[in-house]
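Please read the structure below before turning to the comments.
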Amino acid sequence: MAIGLVMEGGAMRGMFTCGVIDVMMENGIKFDGSIGVSAGACFGCNYKSGQIGRALRYNIKYSNDKRYCSITSLIKTGDMFGADFCYNQIPNSLDVFDYEAFKENPMTFYVVATDIDTGKPVYKKIDSCNQNDLEWIRASASMPLVSRIVDIDGRKFLDGGISDSIPLRAFEKIGYDKNVVILTQPKNYRKTPNKAMGIMKLSMKKYPQLIKAMENRHVMYNKETRYAFSQQGKGNALVICPDEPLPIGRIEHNPDVLMQVYNIGRQKATEMLNDIKAFTE
């Protein structure tokens, strides 16, 4: 029986995920495979490389650096989260990613990106976190309106959360029978239609299937949330989520707020540690 870890996105709500996975790594929790969407991909890759605290560390350090996340970066580069800074300078020189440990860890790691021509999710296995793999992670986290379209091997991609926010069904189909699912919204959260659809339709008018996926995203998300908890009821999943809405926006420059949300994740994982151990053994 293969045991998996599923990590949804949520931009800076992903600091909750960072807290959860750090506690699990500290306690030697092992998975056969993992899959991340958007922030779940960017931060979740550290599970396979075994780098406890890394995602917290660089988010705190660079939270006010305009190269990391700013309107200045959006104007200058087309990306709110600076592509070169986030996916080159940080992992290769400023807070070095352990590529060797990533490759040596037998746990598989997948990311989800949305093909903007089809509006469908693509599940990419990340083997080495080389430059091509980092482009897939960037694509998974490239939010519409504040990110450039990511071109990989002649195909165009944006945020994986558009088409599959909580890829539990997809991971089950790949072969992971039991899954720990980390959500960044509380159990009773229900997503509503995107208020920015008007501008989305104007900016993405060349991609009608992407627009269709974005219009349907709240329906898809709510179905996936219900499915995750239904699988928990059957003993096939263990859902970890905050008890209340997290006190953080999609973008956050205050290190104290980032640390607060990280600690909420740590507290929740600590409270559920015995359940997590029993589920993954």
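The values are calculated or read from the model by the stated rules, or taken from the named source; none is laboratory data. Nothing here was measured: the structure is a model prediction, and the numbers come from that model. Neighbour counts are summed over all protein chains in view; Cβ atoms, including those assigned to glycine, are modelled from backbone coordinates with ideal geometry. Areas reflect the complete protein model, heavy atoms only, side chains present, ligands, DNA and RNA absent. Shrake-Rupley method; radii C 1.70, N 1.55, O 1.52, S 1.80 Å.
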Count of the stretch 80-121 residues which are open to solvent by less than 30 Å² (accessible area, probe 1.4 Å) and either over 28 Å from ILE52 (Cβ atoms) or at pLDDT below 95 (or both): 4
Which of the following residues is open to solvent by 80 Å² or more (accessible area, probe 1.4 Å) and of a type outside the set (Gly, Ala, Ser): LYS178, LYS205? LYS205
Members of the stretch 149-163 that are in contact (Cβ under 8 Å) with a residue 24 or more places away in the chain and out of contact with any helix residue (DSSP H, G or I) (no Cβ under 6 Å at 6 or more places or on another chain): ILE149, ARG155, LYS156, LEU158, ASP159, GLY161
Of the numbered conditions (1) of a type outside the set (Ser, Thr, Tyr); (2) in a helix (DSSP H, G or I); (3) on the phi > 0 side of the Ramachandran plot, MET200 fails exactly one; give the number of that condition. (3)
Pair list, Cβ under 8 Å, 6 or more apart: the stretch 132-148 residue more than 14 Å from VAL37 (Cα to Cα), other residue small (Gly, Ala, Ser) and in a helix (DSSP H, G or I): PRO144/SER203; LEU145/SER203; ARG148/ALA83
Say we look at the stretch 1-17 and pick out the residues that are part of a loop (DSSP other than H, G, I, E, B) and not charged (D, E, K, R); which of these is farthest from ASN254 (Cα to Cα)? MET1
Flag for SER73 being crowded, with 17+ Cβ neighbours inside 10 Å, in contact with a Pro (Cβ under 7 Å, 6 or more places away or on another chain) and of a type in the set (Ser, Thr, Tyr): no
Can you pull out the residues in the stretch 240-255 that are under 30 Å from PHE279 (Cα atoms) and either part of a loop (DSSP other than H, G, I, E, B) or open to solvent by 70 Å² or more (accessible area, probe 1.4 Å) (or both)? CYS241, PRO242, ASP243, GLU244, PRO245, LEU246, PRO247, ILE248
